[in-house]
There are 2 protein chains.
Amino acid sequence: MSVPHLTTALTGPLLELERKILAAQPEIEHWLRNQWQEHTPPFYGSVDLRNAGYKLAPVDMNLFPGGFNNLNPDFHPLAVQAAMMALEGYCPDARRILLIPENHTRNLFYLQNVAALAKILRQAGMVVRIGSMNPEISAPTELDLPDGSKMLQEPVIRTGNRVGLADFDPCVILLNNDLSGGIPDLLKNIEQTLLPPLHAGWAVRRKTEHFAAYDRVVAEFAQIVDIDPWLINPYFEHVDGLDFHAREGEEKLAATIDTMISKIAAKYAEYGIDQTPFVIVKANAGTYGMGIMSVKSGEELVGLNRKQRNKMSVIKEGLEVHDVIVQEGVPTFETIDDGVAEPVVYMLDRFVIGGFYRVHTGRGIDENLNAPGMHFKPLAFATSLSTPDCDGSPDCEANRFYAYGVVARLALLAGSLELEEGSL
Amino acid sequence: MSVPHLTTALTGPLLELERKILAAQPEIEHWLRNQWQEHTPPFYGSVDLRNAGYKLAPVDMNLFPGGFNNLNPDFHPLAVQAAMMALEGYCPDARRILLIPENHTRNLFYLQNVAALAKILRQAGMVVRIGSMNPEISAPTELDLPDGSKMLQEPVIRTGNRVGLADFDPCVILLNNDLSGGIPDLLKNIEQTLLPPLHAGWAVRRKTEHFAAYDRVVAEFAQIVDIDPWLINPYFEHVDGLDFHAREGEEKLAATIDTMISKIAAKYAEYGIDQTPFVIVKANAGTYGMGIMSVKSGEELVGLNRKQRNKMSVIKEGLEVHDVIVQEGVPTFETIDDGVAEPVVYMLDRFVIGGFYRVHTGRGIDENLNAPGMHFKPLAFATSLSTPDCDGSPDCEANRFYAYGVVARLALLAGSLELEEGSL
């Protein structure tokens, strides 16, 4: 397995933060075990992390992860084992699962993700079939995959309070469709187990609620590890009532940005960090890297030209953005193949099952990498995120990735709290 | 990872048995999930399998597995994840675990096993220390390991109804000591969680009880997969009241052997198998490959010379053998590096976490391989036992190993029933 090149900052001695996380490992795992007794983990999730050297923080948490095809195949057994456990927890008696993906029938990368996910579920012992809500899939349709295999997608059918396929009555429905376009009537009030629940979809979910839950998780965690919560938590604020086309709310947004820039600058001064503070403005229900700007002052948001306003105001499914999260920008100090990189950690149930680096050679350390031109480094992790080698050198890569796995699981726990609170 | 050479019999098309097991995967996994709802799996276990081509069966099940050092390091994360789950099930609040190994302080292979096991537990988030019941360890003692590291073993101390170390009060005690010499007073009636329970030790446990439980497991499983139970289950009989030195019971033992040879011959005729039937006679509480003979007729057991009688009559800790299991011999058709090989599958909680081949270049396909001169092929499994690739060719190696993982888990389930019934 090739090991990614990391910048000097990361091949140097372990940072104080990571050292503290490693030293507290038994307390951390014990605390997490207890948290998972009280809170049900989401079925799955992926977390975008940023490692700035002085700070390691989640910047986004996806409850409908794509990209399973980008995971290291060596970790596949871990995913199968975790899926077995998740299914045992949710519905021990389940045999048949219906996977409902996004409507992207022509995006081969996405279809490979669906195939990878179906394989995990199959190997966990499920009968898996793929149901589509895409109006174009009005009959069973074979789609070609790049490896020469085929994927059968069939129209989802509702009968009374059950959904399934024409000849398939599943016990569990697994959504890999983030419901950005709204909650379809097809899925409302069904009697089968639906994972994740409907309110996990972007029709309902808001990033600010996730990060509010993350604040509470971090408050408790930071005490255990004895760290400044800021070291693993980006500042955020919620701004709504915006209309980018009508230029409504620009001043309020600019003021929020400037206040946050000052707070970040104060922290940088406290820690002697020689960086220019920046913030990320994101659509509060946005995904796919759409509706995102990186700015260094509020005035950058005032008087946007039409192209910029269009970019900020429309997200997936053509929805208008009136509601944003202003989030502290965390520069990423990791580079791979001369591209700026950020780790994405994947979890199934409460277990880290792999990850990859999102790499962009055309973007800076303070920019969104989830953008056209990005690529993935599927073999990025030298060893599994849950196995630091405490016997060896504290600077070995396994240890670095343990810290990533911990922070990702904190975000997952926040996802769990968020779903509990938001239940419809 | 190097892939072991398998004989022609095994690189050929998948056998009917394995094909049926693969085809029934969703039913098998569903059934196993339900079994684990009703029965708690042993904390850990290893199973010796024999693959005769026409038959795939467990021949021994160890509830105190050594050999964790022989597992494929690539599967280490699987073991850590399974250990997390096991500990969550038994004692979610646990932080500190005391590992009590065998008294072999000079067996470097065994010490490496203890180190490997401690590493798994540590990475699952436990504070792990090693307590010895060896009278020679009367003070904290550092033992040298081959990799240059050191292992600290400390005397186990009892205080009231708790055991621990001088400055360590564990929540859980994990035995890696099979208690062949009897149940020590030190461990009786302690209030901490003790894994596995005392009656799992060879002071109490009997192979015949294990295989009686396995009979019941197989009876149910064979119906699900629609196979002759014999294809995964060796015949066995219990013979006691023996005294090899005084030549008492020889005739009864010989008669039992001959009856079993006839039953095996009838099955061989039914399936057109061109093999000479044989049986294995083993001490009913024996381990370490001691007290074992492979015979083709009862008369081989009558009139043993003194050396042979000594070999059969004494097992670990110098105990006398009065009680044996007569087990159908399953020839192994697997070879690696010109040696006869049998797979050993390791499980933690209800999950397969790896395995290796036990190889012996000086033994035949109908002999016990657990004998001086054996070696291990730690990288033996091409892929994890729980992930058959149902999308690819049914003949790929991953599929072969799925069947191994299923049969090993049936033996584990039998271990679970056995422990429930035998509880003190």
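The values are calculated or read from the model by the stated rules, or taken from the named source; none is laboratory data. If you're wondering where the values come from, they're calculated on a predicted model, not measured in any experiment. Counting neighbours? That spans all protein chains shown, and the Cβs are built from the backbone with ideal geometry, glycine included.
How many residues does region A:226-235 hold that are part of a loop (DSSP other than H, G, I, E, B) and either over 20 Å from residue A:278 (Cα atoms) or free of Cβ contacts under 8 Å to residues at least 24 places away in the same chain (or both)?
Let us first name the residues in region A:226-235 that are part of a loop (DSSP other than H, G, I, E, B), namely A:226-228, A:233-235.
Still in the running and either over 20 Å from residue A:278 (Cα atoms) or free of Cβ contacts under 8 Å to residues at least 24 places away in the same chain (or both): A:226-228.
So the answer is 3.
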Where residue A:246 falls short, out of the listed (1) touching a residue at least 40 places away in the same chain (Cβ under 8 Å); (2) out of contact with any Gly (no Cβ under 6 Å at 6 or more places or on another chain): (1)
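Hey, any hits in region B:50-67 for a residue that's farther than 24 Å from residue B:377 by Cβ and modelled with pLDDT under 90?
If we filter region B:50-67 for residues that are farther than 24 Å from residue B:377 by Cβ, which is where we start, we get none.
Within region B:50-67, none of the residues are farther than 24 Å from residue B:377 by Cβ and modelled with pLDDT under 90.
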State the number of residues belonging to region B:183-219 that are more than 23 Å from residue B:117 (Cα to Cα), more than 18 Å from the chain's Cα centre (by Cα) and in contact (Cβ under 8 Å) with a residue 60 or more places away in the chain. 1
Do you know which residues across region A:104-139 are charged (D, E, K, R) and surrounded by fewer than 14 Cβ atoms within 10 Å (Cβ to Cβ)? A:106, A:136
Any hit, region A:316-331, residues being buried (at least 24 other Cβ atoms within 10 Å of the Cβ), over 19 Å from residue A:176 (Cα atoms), modelled with pLDDT of 85 or more and among the polar types (S, T, N, Q): no
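Residues are listed down the side, and each one gets a yes or a no for (1) in contact with a Leu (Cβ under 9 Å, 6 or more places away or on another chain); (2) among the hydroxyl-bearing types (Ser, Thr, Tyr); (3) in the same structural domain as residue A:164 (by TED's automatic domain parsing):
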site	(1), (2), (3)
A:63	yes, no, no
A:71	no, no, no
A:77	yes, no, no
A:102	no, no, yes
A:106	yes, no, yes
A:109	no, no, yes
A:116	yes, no, yes
A:120	yes, no, yes
A:123	no, no, yes
Only residues that are assigned to a loop (DSSP other than H, G, I, E, B), more than 22 Å from residue A:198 (Cα to Cα) and either within 13 Å of chain B (Cβ to nearest Cβ) or of a type in the set (D, E, K, R) (or both): list them for region A:96-119, please. A:106
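Taking the stated definitions as given, is residue A:289 of a type outside the set (Asp, Glu), at pLDDT 90 or above and at positive phi?
On the way: of a type outside the set (Asp, Glu): yes; at pLDDT 90 or above: no; at positive phi: yes.
In short, no.
What about residue B:299, is it among the acidic types (Asp, Glu), modelled with pLDDT of 75 or more, assigned to a helix (DSSP H, G or I) and surrounded by fewer than 18 Cβ atoms within 10 Å (Cβ to Cβ)?
Values: among the acidic types (Asp, Glu): yes; modelled with pLDDT of 75 or more: yes; assigned to a helix (DSSP H, G or I): yes; surrounded by fewer than 18 Cβ atoms within 10 Å (Cβ to Cβ): yes.
For residue B:299, the condition - among the acidic types (Asp, Glu), modelled with pLDDT of 75 or more, assigned to a helix (DSSP H, G or I) and surrounded by fewer than 18 Cβ atoms within 10 Å (Cβ to Cβ) - is met.
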Being within 28 Å of residue A:118 (Cβ to Cβ), modelled with pLDDT of 90 or more and charged (D, E, K, R), is that true of even one residue in region A:28-49? yes
If we scan region A:392-410, do we find a residue that is buried (at least 21 other Cβ atoms within 10 Å of the Cβ), within 14 Å of chain B (Cβ to nearest Cβ), assigned to a strand (DSSP E or B) and at pLDDT 60 or above? no
I'd like to check something: does region B:162-172 contain any residue that is in contact (Cβ under 8 Å) with a residue 24 or more places away in the chain, away from chain A (no Cβ under 14 Å), out of contact with any Asp or Glu (no Cβ under 7 Å at 6 or more places or on another chain) and among the aromatic types (Phe, Trp, Tyr)? no
Which is modelled with pLDDT of 95 or more, in contact with a Leu (Cβ under 6 Å, 6 or more places away or on another chain), within 24 Å of residue B:116 (Cβ to Cβ) and loosely packed, with under 13 Cβ neighbours inside 10 Å, of B:142, B:154? B:142
Is it true that some residue in region A:26-37 is over 21 Å from residue A:198 (Cα atoms), part of a loop (DSSP other than H, G, I, E, B), more than 8 Å from every other protein chain (Cβ to nearest Cβ) and of a type outside the set (Gly, Ala, Ser)? no
Of the residues in region B:120-136, those that are more than 7 Å from every other protein chain (Cβ to nearest Cβ) and either of a type in the set (D, E, K, R) or at positive phi (or both) number 2
Among (1) within 14 Å of chain B (Cβ to nearest Cβ); (2) touching a Lys or Arg at 6+ places or on another chain (Cβ under 7 Å); (3) of a type in the set (A, V, I, L, M); (4) surrounded by 22 or more Cβ atoms within 10 Å (Cβ to Cβ), which single condition is residue A:87 missing? (2)
Among the residues of region B:332-353, how many are among the β-branched types (Val, Ile, Thr), surrounded by 23 or more Cβ atoms within 10 Å (Cβ to Cβ) and closer than 22 Å to residue B:73 by Cβ? 4
If you check every pair at least six apart or on different chains, which have Cβ atoms under 7 Å apart with a residue in region B:276-293 that is aromatic (Phe, Trp, Tyr) first and a residue that is assigned to a loop (DSSP other than H, G, I, E, B) and at pLDDT below 90 second? B:278/B:366
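Would you confirm, using the coordinates I've provided, whether residue A:359 is in a strand (DSSP E or B) and either at pLDDT 80 or above or touching a helix residue (DSSP H, G or I) at 6+ places or on another chain (Cβ under 6 Å) (or both)? Please lay out each step first, then the result.
Working: in a strand (DSSP E or B): yes; either at pLDDT 80 or above or touching a helix residue (DSSP H, G or I) at 6+ places or on another chain (Cβ under 6 Å) (or both): yes.
Here the answer is yes, as residue A:359 does meet what is asked.
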Out of all the residues in region A:44-61, is one or more within 12 Å of another protein chain (Cβ to nearest Cβ) and either hydroxyl-bearing (Ser, Thr, Tyr) or in contact (Cβ under 8 Å) with a residue 60 or more places away in the chain (or both)? no
Does residue A:148 count as modelled with pLDDT under 95, small (Gly, Ala, Ser) and exposed (fewer than 14 other Cβ atoms within 10 Å of the Cβ)? yes
